[in-house]
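Note sheet for the following structure.
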Amino acid sequence: MAINTLEFCEKMTGELDKLFVQGPVTGFLADNVMRSKFVGAKTVLLPEMELSGLGDYDRDTGFIKGTVTVSNQPYTLAMDRARSFQLDREDEDETGIAGLAGQVLGEFVRTKVVPEVDAYCLSKLAGLAVTKGHTVSGTPDTEAVKLFTEACSAVQSEIGFDEPLVCFVNPMMWTALQNSPELSRQITVSEFQKGDITTEVKSINGVAILPVADGRMKSAYTFYDGATSGEEAGGFVPTAAAKNIGLIVMPKRGASLVKKTERVRTFAPDQNQSADAYKFDYRTYYDLIVRNSAANSVYAFVYED
């Protein structure tokens, strides 16, 4: 059964793009990319703005002239990731090859791409906090409330109290917070926007709490290239020196998940010269970018087992 390749690729790319934003816990950070411009294959320009502060109004000379400086800061995307899949012509069933390919690629994004995006973004945020010395310390199972409140206070001291905050927590921290007599009555349900959908999340004192699977909350990962011996399976694993990320607190608009491309290419069996099979190529090119103006507003708790 032949498929309309162009129509299929456009539809599939659109569906997978939604999964890319809505699937990861960090997917809402894609909403923060307001204005960007790509220069070449790897570099994106994001605007940084500096404004003069208020001055005294003079009744004779009037307004004091201020300055507005808008500069486009270049950032290089680091994650250029891809995979190719083949479905034998004989695997086609009553759903058609388009339906079968949709199942395969949808499952691939949900089970492989989404966890990797979270792991990469969260490890990068934690790494920034550690590099800046913006960490809190304590014993997670007995001092979860202290760790949470200190991190929130530190971020609010930097940016004020009007900007909404988010807090990523690993399972141990989330359990400790829920079991804390001090906070258990303060946990409420609030709406949370991610892409085109509105979801409900737990929040504490207005801070959205986003629980994350433990495997995505490590401080450092090796991202397999899929070709080197020992890395053929692809994906990612924590490094030997990786630590646990207990929590990350940051402004909801404190970072941007920039994605240049997410593309599916389709080849029918007659076009595939290596096998009598349909071939589907998937590629995504992304990075997490924290602008200079927000670099001091990310705090984390990182600990060893």
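The numbers here are math on the coordinates, done by the rules we state, and not lab data. Source: prediction; values computed, not measured. In this analysis, Cβ positions are derived from the backbone assuming ideal geometry, glycine residues included, and neighbour counts consider all displayed protein chains.
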Simple spin-label estimate for Asp305 and Phe223 in nanometres, 7 Å along Cα-Cβ: 2.5 nm
Arranged by the count of other C-beta atoms within 10 angstrom, fewest first, what order do Tyr299, Tyr120 take? Tyr120, Tyr299
Within segment 229-249, list the residues whose amide N lies under 17 Å from a label point set 7 Å along Cα→Cβ of Lys112. 229-237
Fewest Cβ neighbours within 10 Å first, please rank Ile289, Ile245 accordingly. Ile289, Ile245
Classify segment 196-271 as rounded, prolate or oblate from the Cα gyration tensor: take a ≥ b ≥ c as the square roots of its eigenvalues, call it rounded if a/c is under 1.5, otherwise prolate when a/b beats b/c and oblate if not. oblate
Within the set Lys146/Lys243; Lys65/Lys259; Lys259/Lys279; Lys124/Lys146; Lys194/Lys279; Lys202/Lys260, which residue pairs have Cα atoms separated by over 29 Å? Lys65/Lys259; Lys194/Lys279; Lys202/Lys260
Using a basic spin-label model with each label point 7 Å from the Cα along Cα→Cβ, how many nm lie between Ala295 and Ser153? 2.7 nm
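Tell me, in nm to one decimal, what length is gained between Ser274 and Ser71 on full extension, where the rule is 0.36 nm per residue of separation less the Cα-Cα distance? Intermediate results must be reported in sequence, preceding the final value.
Numbers: separation 203, 0.36 × 203 = 73.08 nm, distance 4.87 nm.
Residue separation times 0.36 nm, minus the Cα-Cα distance, leaves 68.2 nm.
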If every Lys and Arg gets +1 and every Asp and Glu gets -1 at its Cβ, then about the Cα centre segment 191-305 yields a dipole, in debye to the nearest 20, of 560 debye
In nm, to one decimal, how far is the Ser190 label point from the Met49 one, both placed 7 Å along Cα→Cβ? 2.4 nm
By the C-alpha gyration tensor axes a ≥ b ≥ c (rounded if a/c is under 1.5, else prolate when a/b exceeds b/c, else oblate), the shape of segment 142-203 is oblate
For an R0 of 35 angstrom, estimate the FRET efficiency from the Cβ-Cβ distance between Asn205 and Ile64 and round to the nearest 0.05. 0.35
Most exposed first by the Cβ proxy, i.e. fewest other Cβ within 10 Å, how do Glu150, Glu163, Glu191 rank? Glu191, Glu163, Glu150
Neighbour count of at most 14 Cβ within 10 Å plus DSSP loop: longest trypsin sites (Lys or Arg not before Pro)-free window in the chain: 66-305
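What is segment 132-266 by shape, rounded, prolate or oblate, if you read a ≥ b ≥ c off the alpha carbon gyration tensor as root eigenvalues and call it rounded for a/c under 1.5, prolate for a/b larger than b/c, and oblate otherwise? List each step's numbers first, then the result.
Numbers: a/c = 2.01, a/b = 1.47, b/c = 1.36.
Note, shape of segment 132-266 comes out prolate.
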